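The values are calculated or read from the model by the stated rules, or taken from the named source; none is laboratory data. Note that this is a predicted model, so its numbers are computed, not measured. Here Cβ is always computed from backbone atoms with ideal geometry, including for glycine, and neighbour counts include all displayed protein chains. Just the protein is used for accessible areas: all its heavy atoms, side chains included, with ligands, DNA and RNA removed. Shrake-Rupley method; radii C 1.70, N 1.55, O 1.52, S 1.80 Å.
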Amino acid sequence: MMAEPRVFLLSCVVQDYAWGKLGSDSEVAQLWAGGDSGRKIEPNKPYAELWMGTHPKGDALITENRVSQKTLGQWIAAHPDSLGAKVREVFQDQLPFLFKVLSVRLALSIQAHPDKALAKKLHAQFPQHYPDDNHKPEMAIALTPFRGLCGFRPISEIVGFLKAIPEFRALIGQEAAQQLESSAEDPSKEAEQRKVLQQCFTCMMQSGKKELAEQLNLLVQRVTQQVERAEDVSYCIGDLLLTLHSQFPGDIGCFAIYFLNVVTLQPGEAMYLGANEPHAYLEGDCVECMACSDNTVRAGLTPKFIDVDTLCAMLTYIPAPAADKLFTPTPVSGDPYALLYNPPVPDFSVIKIEVPSSTSQYRVTQLDSASILLLVRGQASSQGIHGKISLHPGSVLFMSANESITLTVDPSQNLLLFRACCML
């Protein structure tokens, strides 16, 4: 009898959240359909997220009929050694990460993910809103130009908006605005700046519905007229303001762009979002990896449950320029085609692999960690102890710890692969 393979293909779950790109515009849809020839893309359906992992809301199915378990979660439970010795020990026999592709058409909510201590508390108090007790640091790597809000801007930039945009100032309130302005003059008082920043942001997030509607309408009206007269509206990020207002009319998130950095990632660029860091994805396609959790505290740009008080209390309030939000990968020694995105948490890392079509073979090396390999572009195949495996865009491969495979690269196109793993 043949031994059960320890490297095998997965069939992964798509989430059809309303903010996803529609039909074939969605990278998620293309990869999902590419992964299985029986799948047809519906033109008007949102394809928001492809989930690759063992999370109960999207446990990957195993397509290899020589494997007796039906899902990856079941298979790992039966073969915990596949995780690797260190991962088993640190993460109690669980796959510690969730790997995703996102295709964003409408802005996602302004949100932050709790650290472990807060996650435990929120889950105990409100399990219907916070489904598990884990933290959820995450990292996004752009596949197409990808725009998002990430972390608090430098105080000087926020003060600039308070001076240039009377509606923003009215919403914060004169007193809080003046406090922020005077704290900006003395950068040595970092703790005080953070406190005043928290006051200002909380003032805005807790402003009354009527006042918010009034100020937002005034601002949107003025910017709309300026755009019609072909005037420059960059002083108030007018293009983004009007986009968000058209997606979420009257939402407080429209003003959050004056507090948070607007970051545009080019393909291959990444941002890392630690616990309690405010962010919102706005548009584009990305590969995302995170700790295996679905805990999100939201406060704007969303029809979902909003928890403004928790969000305002938990955030980091560390001002920093947008450039600081870019997360730089490092070369992988001995592999000229690989770059490692290794964030400051133990739960996950991602390796981006780009193999030129002139290279006939590429070896996916063994790691002391289970890993999930996603093929985004190109074609490849493998003949070996795991049987014949054909990979094309959308193929997702589970690799047990300490297993490797050699890919034969189709010469018609460069290969682009992403590999999620746990580097302890």
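Once the whole set of protein chains is in place, how much accessible area is left on Asp59, using a 1.4 Å probe, in Å² to the nearest 10? Ignoring ligands and nucleic acids, Asp59 comes out at about 40 Å².
If you take the beta carbon distance between Ser37 and Gln221 as r and set R0 to 41 Å, what does 1/(1 + (r/R0)^6) give as a FRET efficiency, to the nearest 0.05?
0.20
Helix 209-228 and the longest principal axis of the C-alpha atoms of the chain enclose an angle of approximately 80°.
Residue order by solvent-accessible surface for Trp75, Trp19 is Trp19, Trp75, largest first, with ligands and nucleic acids left out and a 1.4 Å probe. Can you give the Rg to Rh ratio of segment 137-199, both from alpha-carbon atoms, with Rh computed by the Kirkwood formula? Result for segment 137-199 is an Rg/Rh of 1.09.
Positive-end ranking of Phe259, Tyr362, Gly35 along the dipole of the chain, with charges on Cβ about the Cα centre, is headed by Gly35. Taking the C-alpha atoms only, the angle from helix 190-205 to the longest principal axis of the chain is near 80 degrees. Could you please state, rounded to a whole Å, how far the C-alpha centre of segment 39-62 is from the C-alpha centre of segment 135-202? That distance is 36 Å.
Extension gain, Ala3 to Asp93: 0.36 nm times the residue separation minus the Cα-Cα distance gives 30.2 nm. Taking other residues whose beta carbon is less than 12 angstrom from the beta carbon of Leu244, and scoring Lys, Arg as +1 and Asp, Glu as -1, yields -2. Can you give the local net charge around Lys70? Use residues other than it whose beta-carbon is closer than 12 angstrom to its beta-carbon, Lys and Arg +1, Asp and Glu -1. That works out to -2. Only Cα pairs under 8 Å and 6+ residues apart enter the sum, and on that basis the relative contact order of the chain stands at 23 percent. In plain terms, the chain from Ser412 to Lys70 could stretch by 119.7 nm, reckoned as 0.36 nm per residue minus the Cα-Cα distance. For segment 320-418, the dipole from Cβ point charges (+1 on Lys and Arg, -1 on Asp and Glu) about the Cα centre works out to 200 debye, to the nearest 20. Each residue of segment 276-292 is assigned a 3J(HN,Hα), and the resulting list reads 6, 9, x, 7, 7, 7, 10, 6, x, 10, 8, 8, 10, 10, 8, 5, 6 Hz, derived from the Karplus form 6.51 cos²θ - 1.76 cosθ + 1.60 (θ = phi - 60°), x at Gly and Pro. A value for volume of the Cα convex hull per residue in Å³ was derived from the coordinates, and within the list (1) 159; (2) 290; (3) 144 it appears as (1). Working note: Debye formula, equal point scatterers on the alpha-carbon atoms of segment 343-424, no solvent; log10 I(q)/I(0) at q = 0.12, 0.16, 0.21 Å⁻¹ is -0.33, -0.57, -0.95. Over all distinct alpha-carbon pairs, what is the Kirkwood Rh of segment 292-383 in angstrom? Taking every pair of different Cα atoms in segment 292-383, averaging 1/r and inverting gives 17.6 Å.
Dipole magnitude for segment 281-328: computed about the Cα centre from +1 point charges on Lys and Arg Cβ and -1 point charges on Asp and Glu Cβ, it is near 100 debye. By accessible area, using a 1.4 Å probe on protein heavy atoms only, the chain has 52% of its surface on carbon and sulfur. Coupling constants for segment 27-42 follow from the phi torsions by the Karplus curve (6.51 cos²θ - 1.76 cosθ + 1.60, θ = phi - 60°), and in residue order they are 4, 4, 4, 4, 5, 4, 6, x, x, 7, 4, x, 8, 10, 7, 8 Hz; glycine and proline get x. The slack between Gln178 and Leu22, meaning 0.36 nm per residue of separation minus the straight C-alpha distance, is 51.7 nm. Residues whose amide H comes within less than 5 Å of that of Lys45, counting only those at least five positions distant or on another chain, are Gly23 (H built at 1.01 Å from N in the peptide plane). Ordering Leu108, Pro96, Val396 by the projection of their Cα atoms onto the charge dipole of the chain, which places +1 on the Cβ of Lys and Arg and -1 on the Cβ of Asp and Glu, puts Val396 at the extreme positive end.
Let me have the 222 nm mean residue ellipticity of the chain computed from DSSP H runs of 4+ only, each contributing -39500 (n - 2.57), with the sum over all residues rounded to the nearest 500.
About -8000 deg cm²/dmol.
For segment 383-397, backbone phi angles converted through the Karplus equation (6.51, -1.76, 1.60; θ = phi - 60°) give residue-by-residue couplings of 10, x, 5, 8, x, 7, 10, 9, 10, 9, x, x, 5, 10, 10 Hz, Gly and Pro being listed as x. Assuming R0 = 22 Å, can you tell me the calculated FRET efficiency for the pair Arg229 and Ala164, based on Cβ-Cβ distance, to the nearest 0.05? Computed FRET efficiency for Arg229 and Ala164 comes out at 0.80. Dipole magnitude for the chain: computed about the Cα centre from +1 point charges on Lys and Arg Cβ and -1 point charges on Asp and Glu Cβ, it is near 660 debye. Placing +1 on the Cβ of each Lys and Arg and -1 on the Cβ of each Asp and Glu in segment 180-228, which of Val223, Gly208, Gln198 has its Cα farthest towards the positive end of the resulting dipole? Of the options given, the answer is Gly208. Comparing mean-square fluctuations of Glu181, Glu138, Glu190 from a GNM of the chain with C-alpha springs under 10 Å, the top value falls on Glu190. Distant-in-sequence amide contacts of Ile110, defined by a placed amide H-H separation under 5 Å and a gap of 5 or more residues or a different chain, comprise Ala299, Gly300, Leu301.
The Cβ shell under 14 Å around Pro46 holds other residues with a net charge of -4, Lys and Arg each +1, Asp and Glu each -1. Over segment 370-424, accessible surface divided per residue gives 34 Å², non-protein components excluded, 1.4 Å probe.
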